[in-house]
Amino acid sequence: QSALTQPPSASGSPGQSVTISCTGTNSDVGGYNYVSWYQQHPGKAPKLMIYEVSKRPSGVPDRFSGSKSGNTASLTVSGLQAEDEADYYCSSYAGSNYSPFGGGTKLTVL
Amino acid sequence: EVQLVQSGAEVKKPGESLKISCKGSGYRFTTYWIGWVRQMPGKGLEWMGIIYPSDSDTRYSPSFQGQVTISADKSITTAYLQWSSLKASDTAMYYCARGWAAVISATWGVHAFDIWGQGTMVTVSS
């Protein structure tokens, strides 16, 4: 059982926006502004998409955005494209140099 | 180019030992943490543990404490993940990743992984 809860699946049509949630507790998501999001295509290594709740590494399209409210963090993908279809994982700092992952969300572009 | 290159796929029998590697290049190896992440077939990512190669400071997830050993040799910019006695349930893809750390609540904490290795598939079967 993952420390962080994500919906197993999400979907949207090309051009639409979709939001994926990541729910934790006040000991992880709610307690620190250190939430990150990863994209993983089948057979590939994960890729960092968002760090520190809402910052994007160089090269990540601005269609990807992150936010947080209380114990829930969110990843929003705007202007959905076919290549956005992938698994997405959140991670949050939880103290003691430990940052567990969520269970993952499979994003389908219809 | 900053990269982490992992050792190749392994097929082992239950009870055997194994050590897989992750070689960093293109950056100062001793100034970033290295983490290990497990992904069992068809499942999600699991944070196993991290090591700071400069002084070999190591932290394990409670789920993996005592099950694996993480080490590093800074002279050859390589981190390792090892098992003393493999089980069938260790069958998984294992990723190493470079960790970003910040001072969080007055201590250093790794909060994200920015560079990932290609993964090492470990299969344990009799």
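Among the listed pairs B:Lys19/B:Lys43; A:Lys55/A:Lys106; A:Lys68/B:Lys19; A:Lys44/B:Lys19; A:Lys106/B:Lys74, which are separated by more than 29 Å between their Cα atoms?
Values: B:Lys19/B:Lys43 23 Å; A:Lys55/A:Lys106 22 Å; A:Lys68/B:Lys19 39 Å; A:Lys44/B:Lys19 22 Å; A:Lys106/B:Lys74 37 Å.
Flagged as over cut-off: A:Lys68/B:Lys19; A:Lys106/B:Lys74.
At 7 Å along Cα-to-Cβ for each site, give me the label-to-label distance between B:Glu10 and B:Asp55 in nm.
2.9 nm
With a bin width of 10 angstrom, please list the P(r) values of the protein assembly as shown as percents of all Cα-Cα pairs, from the 0 bin to the one holding the largest distance.
All Cα pairs considered, the percentages come to 8, 33, 36, 19, 4, 0.
If I take every Cα pair under 8 Å that is 6 or more residues apart in region B:1-72, average their sequence separation and divide by the length, what percent do I get for the relative contact order? Walk me through the numbers on the way to the answer.
Values: 87 pairs, mean separation 15.7, N = 72.
It rounds to 22 percent for region B:1-72.
Residue by residue through B:106-115, how many Cβ atoms from other chains fall within 10 Å of the Cβ on average?
Average neighbour count from other chains, rounded to a whole number: 6.
Given points 7 Å out from each Cα along the Cα-Cβ axis, report the B:Ser71 to B:Ser89 separation in nanometres with one decimal.
Label-label distance for B:Ser71 and B:Ser89, simple model: 2.5 nm.
Let me confirm one metric for peptide B:41-54, namely the mean number of other chain beta-carbon atoms within 10 Å of its residues' beta-carbons. Don't skip to the end; give the middle numbers.
Details: counts 0, 0, 2, 10, 12, 3, 7, 0, 2, 3, 0, 1, 0, 0.
That works out to 3 on average.
By a straight-distance test (C-alpha under 16 Å), which aspartates and glutamates pair with B:Lys87 as possible cross-link partners, with residues fewer than eight away in the same chain excluded?
Straight-line reach from B:Lys87, under 16 Å: B:Glu10, B:Glu16.
I need the peptides B:95-107, B:59-71 ranked by packing, meaning the mean over residues of other C-beta atoms within 10 angstrom, with the highest value on top. Don't skip to the end; give the middle numbers.
Values: B:95-107: 18.1, B:59-71: 15.5.
Going by the mean number of other Cβ atoms within 10 Å, highest first, we get B:95-107, B:59-71.
Once each part is reduced to its C-alpha centroid, what is the distance from region A:53-110 to region B:92-126 in angstrom?
17 Å
Among the aspartates and glutamates, select those whose C-alpha is under 20 Å from the C-alpha of A:Lys47, and discard any that sit fewer than 8 residues away in the same chain.
A:Asp62, A:Glu83, A:Asp84, A:Glu85, A:Asp87, B:Glu1, B:Glu46, B:Asp114
Ignoring ligands, DNA and RNA, what percent of the 1.4 Å accessible area of region B:57-105 is carbon and sulfur? Kindly include the intermediate steps, with their values, before the conclusion.
On the way: 1070 of 2150 Å².
That share works out to 50 percent.
Once neighbouring chains are kept in place and the probe is 1.4 Å, which whole percent of the accessible area of chain A is contributed by carbon and sulfur?
Numbers: 2100 of 4770 Å².
Carbon and sulfur atoms account for 44 percent of the accessible area of chain A.
Could you tell me what fraction of 2.2 N^0.38 Å the Cα radius of gyration of region A:48-110 comes to, as a two-decimal ratio?
Values: Rg = 12.4 Å, N = 63, 2.2 N^0.38 = 10.6 Å.
Rg over 2.2 N^0.38 Å, computed on Cα atoms: 1.17.
If you keep only loop residues by DSSP, which GluC sites (Glu not before Pro) in region B:1-62 have at most 16 other Cβ atoms within 10 Å of their Cβ? Kindly include the intermediate steps, with their values, before the conclusion.
Numbers: sites: B:Glu1, B:Glu10, B:Glu16, B:Glu46; in loops: B:Glu1, B:Glu16.
Within region B:1-62, the qualifying GluC sites (Glu not before Pro) (loop, at most 16 other Cβ atoms within 10 Å) are B:Glu1, B:Glu16.
Give me the 1.4 Å probe accessible area per residue for chain A, excluding ligands and nucleic acids, in Å². Each step should come with its number before you reach the end.
Values: 4770 Å² over 110 residues.
For chain A, the solvent-accessible area averages 43 Å² per residue.
With every protein chain kept in place and ligands, DNA and RNA left out, what is the accessible area per residue of chain B? Probe 1.4 Å, answer in Å². Present the calculation step by step, with values, prior to reporting the outcome.
Values: 5710 Å² over 126 residues.
Normalised by residue count, the accessible surface of chain B is 45 Å².
What's the total accessible area buried between chains B and A, using a 1.4 Å probe, rounded to the nearest 100 Å²?
Working: alone 6650 and 5780 Å², together 10480 Å².
Buried area (both sides, nearest 100 Å²): 1900 Å².
Hey, what did region A:9-68 get for relative contact order, percent, Cα under 8 Å, at least 6 apart? Display every interim value, and only then the final one.
Numbers: 61 pairs, mean separation 11.4, N = 60.
Relative contact order comes out at 19 percent.
Looking only at Cα atoms, what is the convex hull volume of chain A per residue, in Å³? Write out the running numbers ahead of the final one.
Details: hull volume 10.5 nm³, N = 110.
In chain A, the Cα convex hull volume per residue is 95 Å³.
P(r) tail for chain B, what percent of Cα pairs lie past 27 Å?
Details: 1135 of 7875 pairs.
The proportion of pairs with Cα distances above 27 Å equals 14 percent.
Per residue of B:96-105, count partner chain C-beta atoms within 10 Å of its C-beta, then hand back the mean as an integer. The partial results should precede the final answer.
Details: counts 1, 4, 1, 2, 6, 1, 6, 0, 7, 5.
Partner Cβ neighbours, averaged per residue: 3.
The values are calculated or read from the model by the stated rules, or taken from the named source; none is laboratory data. Owing to the predicted nature of the structure, the values given are computational and were not obtained by experimental measurement. Methodologically, a virtual Cβ is constructed for each residue, glycine included, from the backbone with ideal geometry; neighbour enumeration extends over all protein chains shown. With ligands, DNA and RNA removed, areas are computed over all heavy atoms of the protein, side chains included. Shrake-Rupley method; radii C 1.70, N 1.55, O 1.52, S 1.80 Å.
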